[in-house]
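Notes for the one structure printed next.
The values are calculated or read from the model by the stated rules, or taken from the named source; none is laboratory data. Worth saying up front: this structure is predicted, and the values here are computed from it rather than measured. When we count neighbours, we look across all protein chains shown, and the Cβ atoms used for this are built from the backbone with ideal geometry, even at glycine. Heads up: the accessible areas ignore ligands, DNA and RNA and are worked out on the full protein's heavy atoms, side chains in. Shrake-Rupley method; radii C 1.70, N 1.55, O 1.52, S 1.80 Å.
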Amino acid sequence: MAAKITVHGLTMSYGTLEVMHDLEFEILDKDIFVIMGGSGCGKSTLLRHLVGLMEPTKGSILYGDKDFTATDPADRGPFIRRFGVMYQSGALWSSLTLGENISMPLEEAGIVSAKTVKDLVSYKLSLVGLSGFEDYYPSQISGGMKKRAGLARALALDPDILFLDEPGAGLDPLSSRRLDDLILRLRDSQGCTVVIVTHELASIFGIANTALFLDTATRTQGAVGNPADLRDHSDNPAVRLFLNRGETPAKTS
Amino acid sequence: MPDNLRGLLELALAVPEESQDQNKPDTLSAIGRLGKLTVETWAGFLAFLKFTGQTVLSLIRFFTGRARFRSADFWMTLQQCGVQALPIVSLISFLIGLIFAFVGNVQLTHFGANIFVADLVGIAMVREMGVVMTSIIMSGRTGAAFAAHIGSMKANEEIDALRTFGFDPFDFLVLPRLIALVLMMPLLTVYSNVVGIFGGMVVGSFVGIPVQLYWNETIAAVDLTTASLGVFKSVFFGAAIAISGCMMGMKAGNSSAEVGEATTRAVVTAITAVIVLDSAFAVIFTLLDI
């Protein structure tokens, strides 16, 4: 299958502080791809590079065969239009209601009929279990609801690639599970590729096809592959340790 | 050592200590610190110029119909920095007029020339005090509000969200605020001038200058050129305040403490910019003999 996203020799840094170097992986079409690793290892930073919020120090990111990093940030519209991004905190625009948060990108995309916009907004909110919350402001709802509303906004334009930053963090196990089901169903029904930053093992084993492990110690990728395979057969002890919650079972080959 | 304590100690030593090279406190000499401060101040000045340049580009996009922002944002800001600023502008301007008239009257009475209180208050208000006081009020009120609002949006990743939906945060956040404040500042300045002159008139009537006489004297002293100088300056001061507020908000860090710092910096920068611009205008107007 063709690679949807190719990351080649990517090095990321904040000023002079190098976060990760020489990342090398491919994300396949319709894949559910998990970026995992310990807290503060640079998972979210990698996501920010993938969506163009940060520029790499070295290396390139390709969408299909088009070089994203070589494109001038001002000309990245065609790439960005295919993205749906859900942020860790939800990042809802706080001066707008949930309904307006979703309708703004829709109107921007040129959907002018007020009726269509309204229907789409209700539909997207109902997908994440927030029907009837159109007129609430972000400050009036709980953290978990903000997250789901953030997902509804990310889905507003039926994205081709969905980026989710820690979708399950701070959710109760049931909500977290429902979110995982929703992600699976979205992938199956809309055929989108999903890139998730998480360290929730239940989600990783539940929905991910491929997982990338970022290793804090070596500041580069520890392994990439199917999460269950990595857990049992990875050559890298850090990966096995992570995926077994710190237990160290012998490597099964 | 008791077992329970040993267990805790092992836990404490399980993760190696982080080297703190990145966060070492400065160990510079006094001269070193002065040099660092100079470099930082210069960098801050350059950043202000750069931001102003970006604002001009954004305005060009606006006038060529390529910049987009929510009209609701614009009307809301217009209300916040227009009508809602009237009470504080009224109070301060009235008191400034009052103070000028009082002080002027005390001195001018010695020469039996207390009618010139009207000239003093009129000229001082329309030429300098009206616009400068309004600008300082708006720096503290609106400039700070811009910085705090944009800064918290940044801390909350809302600006990133704008970017990934293809909105230009500059056009979206800076433009409506800049245009609203630049439109409102001249109106507030005219209003402040009128209220200040009224304040002077109140004092005048207490010290025996009839209202009609005070009014005639003011009209005679303040010609259209003098009156328009303050209003002309207010446009530039408004732009400086909006740019300072928005710039500090956009450059804020990602924590609530840094948003607070950004707000402080916005007010300081705005007031400094207003005073520096006012001095520059004073020199220019003197050279042009207006």
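Structural remarks
- Around the Cα centre of the protein assembly as shown, unit charges on the Cβ atoms of Lys, Arg, Asp and Glu (plus for the first two, minus for the last two) sum to a dipole of about 660 debye.
- Calculated log₁₀ intensity ratio I(q)/I(0) where the Debye formula runs over C-alpha points of region B:114-194, q = 0.17 Å⁻¹: -0.75
- Distance-filtered residues of region B:94-116 - backbone nitrogen under 18 Å, label point 7 angstrom along B:Val202 Cα→Cβ: B:94-106
- Label-to-label distance, B:Glu40 versus A:Phe205, with points set 7 angstrom from Cα along the beta-carbon direction: 5.1 nm.
- In straight-distance terms, cross-link reach from A:Lys118 covers every one of the lysines whose alpha-carbon lies under 23 Å from its own, apart from those fewer than eight places away in the same chain; here that gives A:Lys146, A:Lys147.
- Approximate spin-label separation B:Met76-A:Lys58, in nm, with each point projected 7 Å along Cα-to-Cβ: 4.5 nm
- Principal axis extents of the C-alpha atoms in region B:70-287 (largest first, rounded to whole Å): 69, 34, 31.
- Normalised by 2.2 N^0.38 Å, with N the number of residues, the alpha-carbon radius of gyration of the protein assembly as shown equals 1.25.
- Think of each Lys and Arg Cβ as +1 and each Asp and Glu Cβ as -1; about the Cα centre, that makes the dipole of region B:70-287 roughly 60 debye.
- Residues whose amide H falls under 5 Å from that of A:Phe163, counting only those 5 or more places apart or on a different chain, are A:Gly84, A:Val85, A:Met86, A:Val195, with hydrogens built in the peptide plane.
- Accessible area in the full protein assembly, largest first, 1.4 Å probe, for A:Asp67, A:Asp31, A:Asp135, A:Asp75: A:Asp135, A:Asp75, A:Asp67, A:Asp31
- Each Lys and Arg Cβ is given +1 and each Asp and Glu Cβ -1; about its Cα centre, region A:82-171 then shows a dipole of about 160 debye.
- Sites excluded, GluC sites (Glu not before Pro) in DSSP loops with at most 11 other C-beta within 10 Å, longest stretch of chain B: B:19-290
- Think of chain A as a dipole: +1 on every Lys or Arg Cβ, -1 on every Asp or Glu Cβ, centred on the Cα centre; then among A:Ala114, A:Ser13, A:Gly38, A:Ala114 lies furthest on the positive end.
- Once you reduce region B:198-267 and region A:136-154 to the center of their Cα atoms, the two points are 41 Å from each other.
- Residue-wise HN-Hα coupling along region B:284-289, computed from phi with Karplus coefficients 6.51, -1.76, 1.60 (Hz; x: Gly, Pro): 4, 5, 5, 4, 7, 6
- Antiparallel bridge percentage (DSSP; both residues within the protein assembly as shown; nearest 5): 55 percent
- Viscosity 1.002 mPa s, temperature 20 °C, Stokes-Einstein D of chain A from Kirkwood C-alpha radius, µm²/s: 113 µm²/s
- All C-alpha to C-alpha distances of region A:90-155, sorted into 5 Å bins beginning at zero, yield P(r) values of 4, 21, 35, 25, 12, 3, 0 percent in whole numbers.
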